[in-house]
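The values are calculated or read from the model by the stated rules, or taken from the named source; none is laboratory data. This structure is a prediction, so every number in the text was calculated from the model and none was measured. For neighbour counting, all protein chains shown are included, and Cβ atoms are generated from backbone atoms with ideal geometry for every residue, glycine included. Surface areas here come from the heavy atoms of the whole protein model, side chains and all, with no ligands, DNA or RNA. Shrake-Rupley method; radii C 1.70, N 1.55, O 1.52, S 1.80 Å.
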Amino acid sequence: MLFRSYKNAEIFLHGDFNDLDVTPICQTFCLDQLIDFNTRGDAKLDLIITNVNEYKSAVINKLAPIAGKDHCVIQMEPPTQSRPKYITKSKHMVTQKAKALITLDICKQTWSEVYETADVNDKVERYHNIINDIFTKHCPKRNVKVRAGKPLLENPVTIKLRRLKDKLYKNGKSDNGWKNVGKTLTSKYRDLQRSFAQNNINKVATGSKKWWKGVNSIVDPSSANSNVNQQKRFIEGKWMDDKEFVEKQHEYYLSLATPLPQSQADDHNLPTQSEQSEVNVAEIYTKLRQINTAKSTHSKDFPSWISKNNAESLCFPLAHIINAAIIQDKFPLLWKSAEICPLPKAAIPEKHSEYRPISLLWHCGKILEYFVTKNIDTATLKSNQYAYTTGKGCTDALVNFITDTAFKLDRQDVAGIHALLIDYSKAFDNMDHQILIDKMINMGINQNTISITRSFLSNRTARVVTRQSNTQSTSKPIEIGVPQGSLL
């Protein structure tokens, strides 16, 4: 009953077993008897039985009996716990004083370098250089020591618990709330580690070097790799460090892009409208204030909270850049680079296909994307399209489907309804750029929007990164597919 209710339970039994034979108990429950000396005269009566590995390596001493008793005293000294290793990380030190100084310096900027430059690519580079210089000046990078723990195994449950714990701790509303969540989180992490070990340790040949290397990487990650910040993953039947993982994962994502047959656009349907309305400063200010600073962005991008906190000052140069991009029909080259963060689809991914590619983009580039998509007339879209349209969603689609189905079933001349549900495999990864442009032409979307969309899709680059160790793959061009996480 104990092992049915509590899998992998830790057992510690201690007492006077007299003449009881404990061998069957130890064999049935995989326990070890630790006492190897007589505890009362010439008999070994007092025993310690356990399956806890830490206790098995403890030092056990025999001491004299106390207060005239005839049983000796058993002293157990737990093994010395070595302090966890530390690694050095470089991070920006952000304080409230630094934020105030950043706001002051941004207010003093004239942005003449941005306004006087003709090409929009140069405008964007100088805009980012100015803000990055201000940010680095007041929030310099410093080396901090952090504990290097075991490989962090995550799943959706542990991610939610970790965020809830941090939120409760910051709010300080309940003294015990975050502690209780922390205990649950620790238990979940232990279950993941046990599951990881049990599922993967037997996948390598028994007795070989790889088997012992796999054991060591689970028990002590630092013994498998001198760099304790690197995480080992068991993918496609082999162990990979972070560097090998990001390269293989990037190759897998590129292999998903399959060229499709080219479509033929109808030349008679070419749009006549060629201008897109300019964006005013008030619209830019509104979008800057609506930025969600909790979302991750490109590692080379400056923090999005700078744009949100200084929207009054930054809305002018950013509006100038976005209008220049619209006039020149160019999507800035800097904003076309992406970092792909592989997010696990399963609790413990074992294949490259079990990682979802989420692109980390530039937050100012998303604002430009918003105004480009805003110019697409909703009248050109079919009324029964519910995805990626303003004011419609999954609920509207379900209501319309159920209503239409019930209406037709009530008719006497309808014997039944056949529903065909189609799910496109790797739809984002296999999106052909030319086919997309041809469809936009046939829909009658204006030339300016088509041109900037074509610029958005061309000359894109991407690389795979892991956020924990900041390991990056080689940046490679993207010729097919669109980034998951962008508006366009």
Enumerate by residue number the trypsin sites (Lys or Arg not before Pro) in the stretch 378-441 meeting two conditions: DSSP loop (anything except H, G, I, E, B), and at most 10 other Cβ atoms within 10 Å of the site's Cβ. LYS382, ARG411
Grab the stretch 302-432 and count how many Lys pairs have their alpha-carbon atoms under 23 Å apart, sequence gap of 8 or more, or different chains. 17
Contour minus end-to-end for LYS91 and ALA427, with contour as 0.36 nm per residue of separation and end-to-end as the Cα-Cα distance? 117.3 nm
Multiply the residue separation of TYR115 and ALA98 by 0.36 nm, subtract the distance between their alpha-carbon atoms, and state the gained length in nm to one decimal. 3.4 nm
If you take the beta carbon distance between GLN385 and SER299 as r and set R0 to 30 Å, what does 1/(1 + (r/R0)^6) give as a FRET efficiency, to the nearest 0.05? 0.30
Reach of LYS56 by Cα under 14 Å, taken over aspartates and glutamates that are not fewer than 8 positions away in the same chain: GLU10, ASP32, ASP36, GLU77
At 1.4 Å probe radius, can you tell me the per residue accessible area of the stretch 302-387 in Å²? 39
Taking a cut-off of 12 Å between Cα atoms, list the aspartates and glutamates near LYS238, but don't count ones fewer than 8 places away on the same chain. GLU350
